[in-house]
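Where a number appears in this text, it was derived from the coordinates with a stated rule and is not lab data. Given the structure is predicted, the values throughout are model-derived calculations rather than measurements. Every residue, glycine among them, receives a Cβ derived from its backbone with ideal geometry; neighbour counts consider all protein chains shown.
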Amino acid sequence: MRQSLVIAAKAMDSAQQRMNYVANNLANISTPGYKKDAAYSSSFIDTVSRTINNLQSPDVPNDVVQVTDFSAGNFKFTGDKMNIAIEGDGFIKVATPTGETAYTRKGILSLNANNQLVIGDNLVLGEAGPIVLKTTDISIDSKGIIYDSRGEQQVAIALASFTQPYPLEKVGSTLFLAKSGAQEIPAKATVHQQYLEESNVSSLGSMVEMLSMMEIMRSYESQQKIIQYQDESTAKMISQIAS
């Protein structure tokens with residue numbers, strides 16, 4: 001009986017983790033550069049059948065693994081010179097406020113108080129480090145090279161990639177950190193100024209996410225009922241023994 005309670009509790013934890021990923025995808029359907037996540041776990045039947053006699057620690061499918069879908073989102077024309085979209089295999093290199101090198105496809109550029117090119121709170125990197133500009137009246141070519149209003153070359157935005165599957169870990173909604181030992185390779189990408197890459201959670205994809213959410217909720221409720229039944233059975237058995 002204790003084993004069935006543990007199994008049900010861990011299955012509920014697995015469902016909760018999956019629900020968090022689905023909810024996060026839906027919350028970021030309008031976030032430029034967002035890459036949706038999927039949650040995978042081992043088969044319930046296969047895993048339980050392997051360890052059904054292990055009374056100490058039944059191995060049940062609560063080992064949810066987060067997998068990021070790096071497929072490209074649609075491109076949206078904005079007309080803003082400080083917007084860029086990356087077509088192909090590559091990421092914009094940035095430095096986080098803590099000094100870590102990170103990677104993103106969110107191409108909303110701006111200048112901070114120090115005239116440094118940033119994406120949010122992250123410094124956009126060039127070949128020699130953070131990029132400093134005097135104006136936002138710029139043009140950016142397909143290789144990420146920035147020119148001023150007179151057509152004079154200023155600096156190139158650093159782009160990088162990795163062998164697939166990408167050895168990247170998501171931080172927040174649109175930022176990625178390289179896992180230990182990951183090696184950068186040259187990006188095979190084209191930069192498009194005045195465009196943004198939209199979230200790869202499409203309108204159709206959002207419907208799929210909603211269906212997934214319903215399925216997860218049913219699974220969660222089923223495990224709740226199992227625990228409730230076991231709790232009632234235990235209480236009844238104790239009552240019978242006491243009498």
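As a quick test, which of the pairs LYS36/LYS134; LYS81/LYS170; LYS143/LYS179; LYS81/LYS179; LYS134/LYS179; LYS76/LYS143 have an alpha carbon distance above 29 angstrom in this structure? Show your work: numbers first, answer last.
Details: LYS36/LYS134 36 Å; LYS81/LYS170 27 Å; LYS143/LYS179 26 Å; LYS81/LYS179 33 Å; LYS134/LYS179 35 Å; LYS76/LYS143 19 Å.
Long pairs (Cα-Cα over 29 Å): LYS36/LYS134; LYS81/LYS179; LYS134/LYS179.
Evaluate E = 1/(1 + (r/R0)^6) for GLU184 and GLN153, where r is the Cβ-Cβ distance and R0 equals 22 Å; express this FRET efficiency to the nearest 0.05. Kindly include the intermediate steps, with their values, before the conclusion.
Details: r = 23 Å, r/R0 = 1.07.
It comes out at approximately 0.40.
Stretch LYS143-ASN20 to full length: gain in nm at 0.36 nm per residue minus the Cα-Cα span?
On the way: separation 123, 0.36 × 123 = 44.28 nm, distance 3.72 nm.
Length gained between LYS143 and ASN20: 40.6 nm.
Hey, can you rank 24-36, 107-119 by average C-beta count inside 10 Å, highest first? The partial results should precede the final answer.
On the way: 24-36: 19.1, 107-119: 16.2.
Highest-to-lowest ranking by the protection proxy: 24-36, 107-119.
Report relative contact order for segment 85-197 in percent, whole number only (criteria: Cα-Cα under 8 Å, sequence separation at least 6).
This gives 33 percent for segment 85-197.
Only Lys, Arg, Asp and Glu count, each charged at its Cβ (+1, +1, -1, -1), so figure out the dipole size of segment 85-197 about its Cα centre, rounded to 20 debye. Show your work: numbers first, answer last.
Working: 9 positive and 12 negative charges, 27 e Å.
Here the size comes out at about 120 debye.
Using just the alpha carbons, could you tell me how many Å³ per residue the convex hull of segment 85-197 encloses? Walk me through the numbers before you get to the answer.
Values: hull volume 11.6 nm³, N = 113.
Once divided by residue count, the hull of segment 85-197 is 103 Å³.
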